[in-house]
1. Could you sort 108-114, 65-71 so that the peptide with the highest average Cβ count within 10 Å comes first and the rest follow in order?
2. With r as the distance between the Cβ atoms of Ser230 and Val80 and R0 = 35 Å, compute the FRET efficiency 1/(1 + (r/R0)^6) and round to 0.05.
3. Which percentage, to the nearest 5, of the DSSP beta bridges contained in the chain is antiparallel?
4. Fully extended, how many nm does the chain gain between Thr252 and Asp183 (0.36 nm per residue separation, minus their Cα-Cα distance)?
5. Using Cα-Cα distances under 8 Å and only pairs 6 or more residues apart, what relative contact order does region 98-211 have, in percent?
6. Go through region 231-240 residue by residue and turn each phi into a ³J(HN,Hα) via Karplus (6.51, -1.76, 1.60, θ = phi - 60°); whole Hz please, and just put x for glycine and proline.
7. Once you put a point 7 Å from the Cα of Ala222 and another 7 Å from the Cα of Thr93, both along the Cβ direction, what distance in nm separates them?
8. In whole percent, what relative contact order does region 219-276 give with Cα contacts below 8 Å and a gap of six or more residues?
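Read the figures in this text as sums done on the coordinates, not as results from a lab. In this text the structure is predicted, and so the values were computed from the model without any measurement. Here the Cβ is made from the backbone with ideal geometry for all residues, glycine too, and neighbour counts use every protein chain on show.
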Amino acid sequence: MMSTKPTILAVFAHPDDEAFSVGGTLTHYARKGVNVVLACATRGEAGKITVPGMTVDDLGQQREQELRAACEALEIPAPVFLDYHDSGRYERTRTDDPLALMNVTPLEAEPKLRALIEQVQPQVILTFDPHGAYGHIDHLQIQRTTSSAFFSTGHLPYGGPQRLYFTAMTSEAAKGLAGMGRDLDPLIYGVSDSTIAVTIDVRPYAENKKAALAAHGTQMGATSLVGRLSPEERQAMEQRMLGSESFSIGGTRTGLPAFPLRGLFDGLPGFESLDA
């Protein structure tokens, strides 16, 4: 029997992924009465502290608390952790950690996510695009795991998730990655305008999103990518991030009433009023 409680499950890799990519959208739907569940694969244990002079005894515990504070800022419930470890990057890469997400295949991680889907019964699932935003191995791993779990849960008694959405940047917006020190081809890491299925106006939630980003204090310091932006670059980034959030379709079990869609629930039987 189809679940009657509108629910979104957002699945990401590290604390702060949610604030950058879907924070405004989560607040938008939470205010509409949608049950929002944020699943975070790791606690960001291998992150880099970007505040000069700051020392933290347990970075994973610290970033867990930062994520909890970010969820409060976004007006959503506390996160669910999948209890994998951050793989790190560059000199912090944890190649020998068996629980690092890079060392766990999507097929190994899928049962844990399937169990969460069965428990919370989402109609809508959000996760990274197939390029993992900017190619981080943990982003790629959780994207593949989430995609697999969407396709293997259609048989669940409640009807299974009906839509899978990927975060998406247009190629024009992806040019901004260069401003954040990432030498990435916008024609690869961005998508065509015609690929965008949903765009959510998040300007009403700009303060929520700013507060959520600020909550990730260890990652937003002076030596972070954001902290090193010039005032002009930061203003351009904020205009992109605080204006709208876009999604492409990763999978659907229902027909589409139009394209692009009015919102994430558009065309889902029983939930049309959420995007009216």
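1. By packing density, highest mean first, the sequence is 65-71, 108-114.
2. Values: r = 37 Å, r/R0 = 1.06.
Efficiency, rounded to the nearest 0.05: 0.40.
3. 35
4. Values: separation 69, 0.36 × 69 = 24.84 nm, distance 3.28 nm.
Extra length from Thr252 to Asp183 when fully extended: 21.6 nm.
5. Over region 98-211, the number comes to 25 percent.
6. x, 5, 5, 5, 4, 5, 5, 5, 4, 5
7. Reported label-point gap for Ala222 and Thr93 is 3.1 nm.
8. On the way: 25 pairs, mean separation 9.5, N = 58.
Across region 219-276, relative contact order equals 16 percent.
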